Amino acid sequence: MDSRLGRRTFLAGSAAAAVVAFDPAGLGWVTEADASATQPGAVGVPHLDGELVVDEESLAEAADDYGHLVHRRPVAVLRPGSVRDVVRMVQYAGEHGLKVAMRGQGHSTFGQAQAGGGVVIDSRTLATIHRIDQDRAVVDAGVQWLDLVRATVAEGLTPPVNTDYLGLSVGGTLSVGGIGGASSHHGMQVDNVLELEVVTGSGRHLRCSPTVRPALFRSVLGGLGQFAIIVRAAVRLVPAESTARVYNLYYPDLASMTAAQRTALADRRFSYLEGQLIPAEGGWRYMLEGVEYHTPPEVPDDAALLAGLDPASTEIVDMPYFDWLNRIYALVEDLKPLRLPGPWINVFVPDAATDAYVADVLADLTPADAGGVVLLYPVPRELLTLPFVTVPDSEVIFLLAILRAVDPPNEADVQRLLGVNRDLYDQVRAVGGTHYPVGAIPLTPADWRAHYGDRYPRFALAKATYDPRHVLAPGQGIFE
Ligand SMILES: Cc1cc2nc3c(=O)[nH]c(=O)nc-3n(C[C@H](O)[C@H](O)[C@H](O)COP(=O)(O)OP(=O)(O)OC[C@H]3O[C@@H](n4cnc5c(N)ncnc54)[C@H](O)[C@@H]3O)c2cc1C
């Protein structure tokens, strides 16, 4: 229990006790249940269309995430009933020295969406798809990509880039980047946004786009929640093909797989390009995963797509486009109840260093430590347009993602793997790499300054401009 909490908070005891006032002196909330005992000095909570709750279950959920590694308890959870609620809570928090974190689906792995001693805003109650037009969808930040993709595909449309798992919120992936196999054509999800509505750390509700307040727009996308809460987004849509032809190409070693990926990327021959390193007896299997989207009777030209890729073996399968995009959802949902600790590491490696770096990583990586999935795939740097999405200075960058799950849960292994992640991070930095900030790497504010490098002054200036009281997203640990 957070020792700074006032006794009154817990007097409520019952589920979803509504909060009516805040006691800045005792840093505790006054609930309806004990409002009769309201002490002088308690400050009334502004009228809310939704609810501010302090029950045990809500606080515990907000103090956890997909990684189950970090647990920082907030003092309350806001389930907003409107954008106005977000504005009011951010303003209120700023006035009373509270921190605020928007939480989407809580699929971070290292406390990024938590706010110890602060207020977590649960975006799941702001989840309306407002419009689907030919070129865009206008959605609340709490909408899950799964719901958006299902709705757009029904209209023959699709977001150009999707993450491998669709159970993430729009606001959550637009705060980090949102990378996937179609990033080889379209950059990240943040590179495919037309307009945002945000609530800044100062509590201002603003629209922004590439032409309206462009500095705010470009800061918020991939800005790790530091400058503003995204409440609504207009995301780009393109025509959807009906079918995905999936080519799994297997290679005997890492170098031949990455060579084939480079060849495929050079002429952008697949609609989707990823790759996996799969634990196998005595080592690893190397699989290039290429997908060509099409609508029969048009069919992909297999020979042209495979020319020069020289795999040792090939599997080809067709499936409906939506089923392809949603292929791992059920698997992830089945895993969740196991609550396995997930010390993930996701790094971007410059092309020239990729083979040597990944070979070193694999030399020490046991199947147990890999946990589940290891991804490796290239993306062209020129398609990544946002200033705070920090990637290596290289024409092509590779994402290496080790999506570990410690099974059975074991604290000693978790601590050891966090140490390994830190070592791998230091090693990738030494070869000009960066980290993709969705994993579990112990980092200091000095590491973050190094992460942003010559863009750090710009990052700090944006913080001072939009969130001068440092209200937002403390769980990222970027500032002192
Ligand atoms: C199974 C799985 C598969 C994944 N696959 C991919 C993948 O293929 N590609 C990829 O790029 N990523 C992937 N991720 C990582 C994922 O994109 C990020 O962790 C993302 O931030 C999670 O979205 P969320 O809604 O759960 O956000 P949360 O974890 O709830 O929040 C993440 C951060 O964003 C902030 N935030 C959340 N909502 C908002 C908002 N509306 N406005 C401002 N800030 C906000 C939070 O405060 C926090 O700092 C995967 C994660 C999991 C668990």
Taking Cα atoms, the helix 83-96 axis meets the longest principal axis of the chain at an angle in degrees (rounded to 10) of 60
Computed over the range 129-240: relative contact order in percent, which uses C-alpha pairs under 8 Å that are six or more apart: 34
Taking all pairs of different Cα atoms in the range 129-240, averaging 1/r and flipping that mean, what Kirkwood radius in angstroms comes out? 13.7
Per residue of the range 268-274, in order, report the coupling 6.51 cos²θ - 1.76 cosθ + 1.60 (Karplus, θ = phi - 60°) as ³J(HN,Hα) in whole Hz, putting x for Gly and Pro. 6, 6, 9, 5, 9, 9, 9
The range 109-164 - percent relative contact order, Cα under 8 Å, separation 6 or more: 22
Have a look at F398, M319, V193 and report the one farthest towards the positive end of the charge dipole of the chain, computed about the Cα centre with Cβ charges (Lys/Arg +1, Asp/Glu -1). V193
Computed ³J(HN,Hα) along the range 446-456: with the Karplus parameters 6.51/-1.76/1.60, θ = phi - 60°, integer Hz and x for glycine or proline, the list is 5, 4, 5, 4, 5, 4, 7, x, 6, 8, 4
Protein accessible area in the chain, 1.4 Å probe - carbon and sulfur %: 53
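For the range 243-435, give the magnitude of the charge dipole about the Cα centre (Cβ charges: +1 Lys/Arg, -1 Asp/Glu; no others), in debye to the nearest 20.
So the dipole magnitude of the range 243-435 works out to roughly 420 debye.
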So who's got an amide H within less than 5 Å of the one on L472, skipping anything under 5 residues away but keeping other chains? H placed 1.01 Å off N, in plane. V100
Calculate how large, on average over all directions, the projected area of the Cα convex hull of the chain is; give the answer in nm² to one decimal. 22.2
Using the Karplus curve 6.51 cos²θ - 1.76 cosθ + 1.60 with θ = phi - 60°, what ³J(HN,Hα) values do you get for each residue of the range 60-73, in whole Hz, with x for Gly and Pro? 5, 5, 6, 9, 9, 7, 4, x, 6, 10, 10, 9, 10, 7
Selection from Y377, A363, L443, by position along the positive dipole direction of the chain (Cβ): L443
How much accessible area per residue does the range 322-423 have, in Å², with a 1.4 Å probe? 42
Per residue solvent-accessible surface (Å²) - the range 129-240, probe of 1.4 Å: 30
Return a whole-number percent for the relative contact order of the chain, with Cα pairs under 8 Å and 6 or more residues apart as the contact set. 15
For R103, other-chain or 5+-apart residues with amide H closer than 5 Å (H placed, Pro excluded) are I121, D122, S123
Using a 1.4 angstrom probe on the protein heavy atoms only, line up E382, E197, E480 by accessible area, largest first. E480, E382, E197
Using a simple charge model, +1 on the beta-carbon of Lys and Arg, -1 on the beta-carbon of Asp and Glu, nothing else, what dipole does the chain show about its Cα centre, in debye to the nearest 20? 1780
Rounded to the nearest Å, what's the spacing between the alpha carbon centres of the range 427-473 and the range 313-342? Just the number, please. 32
So, taking all protein chains as they sit and a 1.4 Å probe, how much accessible area belongs to M257, in Å² rounded to tens? 0
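The values are calculated or read from the model by the stated rules, or taken from the named source; none is laboratory data. Bear in mind that the values here come from a model prediction, so they are computed numbers and not experimental data. Counting neighbours? That spans all protein chains shown, and the Cβs are built from the backbone with ideal geometry, glycine included. Ligands, DNA and RNA are stripped out before the accessible areas are found, and what is left, the full protein with its side chains, is counted by its heavy atoms. Shrake-Rupley method; radii C 1.70, N 1.55, O 1.52, S 1.80 Å.
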